[in-house]
Amino acid sequence: MPWPIIQVEFFSEAKGFLFMSGYYYLAKMKLLVFLSYRFEAFTSLGTNLIVAVANIYLWKAAYKGIDSVAGVKEDQMLTYTIMSTLLASFFSVNIEQALQERISQGDIAIDFFRPINIFLKYLAEDVGIAVSSLLSKLLPLFVIMTLLVQPPVPDSPIAFVLFLLSAVFSFLILWLISALISLLCFWVIQLGEIKTIKDGIILLLSGKIIPLWLFPKKIQTIISFLPFPYVYQTPLSIYIGQVQPEEAAASMLIQFVWIVLFTALLCFGWSRARKRVLIQGG
């Protein structure tokens with residue numbers, strides 16, 4: 001291979017490495033910043049613990065004298081509730097607030113000229129926050145819930161592996177939904193009620209609080225065409241064995257399709273929002 005071509009390939013690879021290392025640095029800095037707020041992590045841990053214990057005792061009362069509900073036994077439901085709390089503590093998404101502040105302060109135009117993708121930047125930062133939550137919230141919650149209630153054991157080793165992969169997809173779906181909502185900041189002054197409605201829909205239709213298999217069949221069918229069940233319901237159902245490994249592949253494929261679709265919508269929405277800023281700002 002000629003020397004000039006080798007040089008071009010080398011510098012292209014080096015540029016790509018430095019490009020990705022920039023996002024790694026952003027994630028690392030966000031991780032360190034959030035780990036430094038120990039009191040906030042402690043209060044958040046306490047809140048998650050109270051919610052989890054309350055939900056567990058509600059399900060214990062609901063299962064009193066009953067062997068199973070919708071084919072799910074009490075120990076499976078308790079594991080579902082514990083793991084839902086753990087996932088919620090890990091799924092930290094801050095892009096809506098971050099982008100809204102950049103736009104309201106007029107700093108968003110500066111981001112257009114930076115040599116990094118603005119959404120990859122926010123994704124890297126939210127990954128850093130998620131990792132900090134893993135260390136400061138999820139792991140302590142896991143230990144506490146194991147001691148207080150029961151160890152949230154997965155249905156099988158393969159179920160645990162599939163759960164981890166599905167949970168990553170779930171985080172990306174949740175993040176992309178939030179990123180799409182954040183684009184509305186270019187057209188409205190404050191997200192306010194829009195974000196509240198989005199959070200409420202996810203809370204109700206994702207299986208975070210109430211597993212969707214308890215809903216009427218017709219409602220389940222309608223919800224299955226929406227992205228929300230693939231945020232909590234899918235990984236949690238895989239974990240407790242409600243969805244078997246052979247069925248999990250189909251569910252994760254749907255998760256991947258939603259990720260591709262939302263990514264395309266985000267790219268389109270970002271191009272429209274950028275044109276709007278350039279037209280208004282010159």
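The values are calculated or read from the model by the stated rules, or taken from the named source; none is laboratory data. Note that the structure is a prediction, hence the values are computed from the model and not measured. Because the Cβ atoms are built from the backbone with ideal geometry, glycine has one as well, and the counts that use them run over all protein chains shown.
All told, residue 129 meets the bar of being closer than 30 Å to residue 189 by Cβ, in contact with a Ser or Thr (Cβ under 6 Å, 6 or more places away or on another chain) and surrounded by 16 or more Cβ atoms within 10 Å (Cβ to Cβ). Report yes if residue 242 is touching a residue at least 12 places away in the same chain (Cβ under 8 Å), exposed (fewer than 12 other Cβ atoms within 10 Å of the Cβ) and polar (S, T, N, Q), otherwise no. Answer is no for this residue.
Residues considered: 235, 227. Of these, the only one that is at pLDDT 95 or above, out of contact with any Ser or Thr (no Cβ under 8 Å at 6 or more places or on another chain) and within 30 Å of residue 56 (Cβ to Cβ) is 227.
Can you tell me which of 194, 202, 223 is under 29 Å from residue 119 (Cβ atoms) and touching a residue at least 24 places away in the same chain (Cβ under 8 Å)? Reasoning before the result, please.
Working: 194 fails: touching a residue at least 24 places away in the same chain (Cβ under 8 Å); 223 fails: touching a residue at least 24 places away in the same chain (Cβ under 8 Å).
Selected residue: 202, the only one of 194, 202, 223 that is under 29 Å from residue 119 (Cβ atoms) and touching a residue at least 24 places away in the same chain (Cβ under 8 Å).
A residue that is modelled with pLDDT of 85 or more and under 18 Å from the mean Cα position of the chain (by Cα) occurs somewhere in the range 58-80. All conditions in (1) at pLDDT below 85; (2) farther than 19 Å from residue 171 by Cβ hold for residue 26, with the sole exception of (2). Of the numbered conditions (1) more than 21 Å from the chain's Cα centre (by Cα); (2) modelled with pLDDT of 85 or more, residue 38 satisfies every one except a single condition; which is it? All conditions are met except number (2). Of all residues in the range 263-282, exactly one satisfies the criterion of being β-branched (Val, Ile, Thr), touching a helix residue (DSSP H, G or I) at 6+ places or on another chain (Cβ under 8 Å) and at pLDDT below 85, namely 277.
Scanning the range 140-181 for residues that are more than 19 Å from residue 55 (Cα to Cα) and free of Cβ contacts under 8 Å to residues at least 40 places away in the same chain yields 157, 161, 164, 168.
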